[in-house]
Amino acid sequence: MKIRIVHLAIAVPAVFVIGIGASMAFNLWNTESSKQPAKITSGAFAGSADPADIRGSYSFGDIEKAFGIPVEVLARAFGVSAEAAGTAGLAAYQVKNFEEIYAGLSEDLEVGTDSVRWFTALYAGLPYEPEEEGTGLPNTAIPVLREAGVPSELLDAARAVVVELPGLENLPAAAGAGEAAGTGTGSGGEETRTIVGKTTFGQVEDWGVSRAKMAEAMGREPGPSNAVIRDWAGENGVEFSVIKEALQPLVDAAAQ
Amino acid sequence: MAKAKAKSKSIRFVRLGVQILFFVLIAAISVNHTLVENGGGIRWLSTASLHALCPFGGVVSIWQVATQATFVKKIHESSFILMWIGLGLALLVGPAFCGWACPLGSVQEWFGKLGRKLFGKKYNAFVPRRLDKPLRYLRYLVLAMVVWNTARLGTLVFETYDPYFALFNLWSAELAWQAAAILAATLVLSLFVERPFCKYMCPYGALQGVFNLFRIFRIRRVAKTCIDCKACDRACPMNIEVSTSGVVRDHQCITCMECTSERACPVKDTVDLVPPGPAKPKAALAAFVVPLAGTDGQGRK
Ligand code: SF4
Ligand code: SF4
């Protein structure tokens, strides 16, 4: 048996066609970024998605998926109206747009991808130092962060680099942002049961996790139902991220 | 003695046709990618970036995938799939990717045709053996450095120097001057030496080349019918001395089939791509360590 030139001429393209075709059939062929951020590798937050890995090509939907921040919250924080997002919708709105549409709003501050990274970190209670000196946050982000229960010293740091956005009257109504007792995200909606800064133990109970299960996962009795988990953790000398990591899988399991 | 046979003239265009197919496809997708980014483009054609279509992207991402379950920035699942396809093909028939599909390999070969016209028999025999022999291992060093630095920094470090990326991004703002300079040097050198980048620098070629040691189908010369005319040696773009090999295990073979009885060898059934005979692992190792021993590195004795 020998392989002839013609055999190779058929086999080489065929191997690629069959290989690519099979991977497409199994939904494995993907030529675009998976929008799956790298994990934080060390410290108390090891294993959590790293906001530093958010790239310009990320959409609001990608950030919601990776960090549990609802699309509407991101849109409100960054002053993006549904009309501005166009027919593709807010979920498909890409972070890299900010560098263009908010260019020149301030002489020394810029609202861009790094602003989104920082906002995401603040909102989700994750560590992040803005990469660029001139990284600013839009004024619209401040109330969102406050409502999410971001500690005052971090909020002050954010306030110090606020960039005023024009045309705020066009912003979408924030879908009950900050009021929803049924979510930990501060934005309403059953789908986004993520433990964030202002989530209380009571909310976690509402999401179907019994106090006994919480105690088992945390290795100690949970705080009172009306206690904000972050505050309670601080008072009891426990890292918020540790409690979050223990409870979030229970919340996710209860939601299924 | 076996008879010399008349060769089909059209067979020489078969590999060229496959090379053109891959070249045009990759070029079209690259242009389409740029057009789409600027609001235009052809809908039915893939809009993938060149990174998404590069099997080497999968290779350099291995460490990050293994340790963090994520890809290096700009690399996607498709690069990984292409990597496995390329390696699977190499396991079967050696670096056929290089000889048949890689557009950078093809474009060097096409420039080489011009060099052959200019320099005749001198073409592809300019590099002195002493220099050529060690330089052929340089690509393994490049491979190690690229993989190590990509793992360390988590970014596509080779992009800045990659002539393949430059070739299809000449019009793009992403083009780095270093990559453009390496591409230009490669094309100029191709007028003197066949496939200079493949021989001395290409990290993916290096990885593919290793498969020559244990590929399933290999180039075999039948000594009994060989008339020792050395036509196979002269035809080999990688200067491999086929005329003294039983089985070609040289790490630089690209399975181009130019040496075979269908092309250069004038005797039927004497040099062919065939499945394995009895295994000779020691011979495989020796072939890697002293691939050009006994020759001047250009296939001459
Ligand atoms: S050695 Fe590198 S450049 Fe040459 S054909 Fe192979 S992959 Fe392409
Ligand atoms: S001519 Fe023969 S030995 Fe040389 S690279 Fe091509 S297939 Fe390999």
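Listed values, structure above:
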| read-out | value |
| --- | --- |
| Matching entry among B:86, B:17, B:58 (being within 16 Å of the chain's Cα centre (by Cα) and either facing chain A (nearest Cβ under 10 Å) or buried (at least 22 other Cβ atoms within 10 Å of the Cβ) (or both)) | B:86 |
| For residue A:13: the one exception among (1) within 11 Å of another protein chain (Cβ to nearest Cβ); (2) part of a helix (DSSP H, G or I); (3) at pLDDT below 90 | (3) |
| Given (1) open to solvent by 10 Å² or more (accessible area, probe 1.4 Å); (2) within 13 Å of ligand 1 (Cβ to nearest atom); (3) within 14 Å of chain A (Cβ to nearest Cβ); (4) over 20 Å from residue B:29 (Cβ atoms), number of the condition residue B:64 does not satisfy | (2) |
| Residues of segment B:183-212 satisfying the condition of being surrounded by fewer than 21 Cβ atoms within 10 Å (Cβ to Cβ) and more than 22 Å from residue B:58 (Cα to Cα) | B:184, B:185, B:187, B:188, B:191, B:192 |
| Helices (runs of 4 or more DSSP H) fully within segment A:82-156 counting 2 or more residues that are open to solvent by less than 40 Å² (accessible area, probe 1.4 Å) and assigned by TED's automatic domain parsing to the domain that holds residue A:45 | A:113-124, A:141-147 |
| Top-ranked residue in segment B:228-269 [being among the acidic types (Asp, Glu), within 10 Å of ligand 2 (Cβ to nearest atom) and away from every other protein chain (no Cβ under 14 Å); ranked as nearest to the chain's Cα centre (by Cα)] | B:250 |
| Any hit, segment B:106-117, residues being within 11 Å of ligand 1 (Cβ to nearest atom), within 14 Å of chain A (Cβ to nearest Cβ) and under 21 Å from residue B:212 (Cα atoms) | yes |
| Scope segment A:21-51; condition open to solvent by less than 40 Å² (accessible area, probe 1.4 Å), within 10 Å of chain B (Cβ to nearest Cβ) and assigned to a helix (DSSP H, G or I); matching residues | A:23 |
| Which listed residue, of B:46, B:79, is open to solvent by 10 Å² or more (accessible area, probe 1.4 Å) and in contact with a His (Cβ under 9 Å, 6 or more places away or on another chain) | B:46 |
| Hey, residue B:276 assigned to a loop (DSSP other than H, G, I, E, B), within 8 Å of ligand 2 (Cβ to nearest atom) and at negative phi or not | no |
| Residue within segment B:191-208 that is under 17 Å from residue B:110 (Cβ atoms), away from chain A (no Cβ under 14 Å) and away from ligand 1 (no atom under 15 Å from the Cβ) present | yes |
| Residue B:120 being away from ligand 1 (no atom under 16 Å from the Cβ) and either of a type in the set (D, E, K, R) or not in a helix (DSSP H, G or I) (or both) | no |
| Every residue from segment B:66-103 that is closer than 29 Å to residue B:187 by Cα, touching a residue at least 60 places away in the same chain (Cβ under 8 Å) and within 16 Å of ligand 2 (Cβ to nearest atom) | B:90, B:93, B:94, B:95, B:96, B:97, B:98, B:99, B:100, B:101, B:102 |
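The values are calculated or read from the model by the stated rules, or taken from the named source; none is laboratory data. These numbers come from a predicted model, not from an experiment. A quick note on method: Cβ atoms are made from the backbone with ideal geometry, for glycine too, and the neighbour counts reach across all protein chains shown. SASA here: full protein model, heavy atoms, side chains in, ligands and nucleic acids out. Shrake-Rupley method; radii C 1.70, N 1.55, O 1.52, S 1.80 Å.
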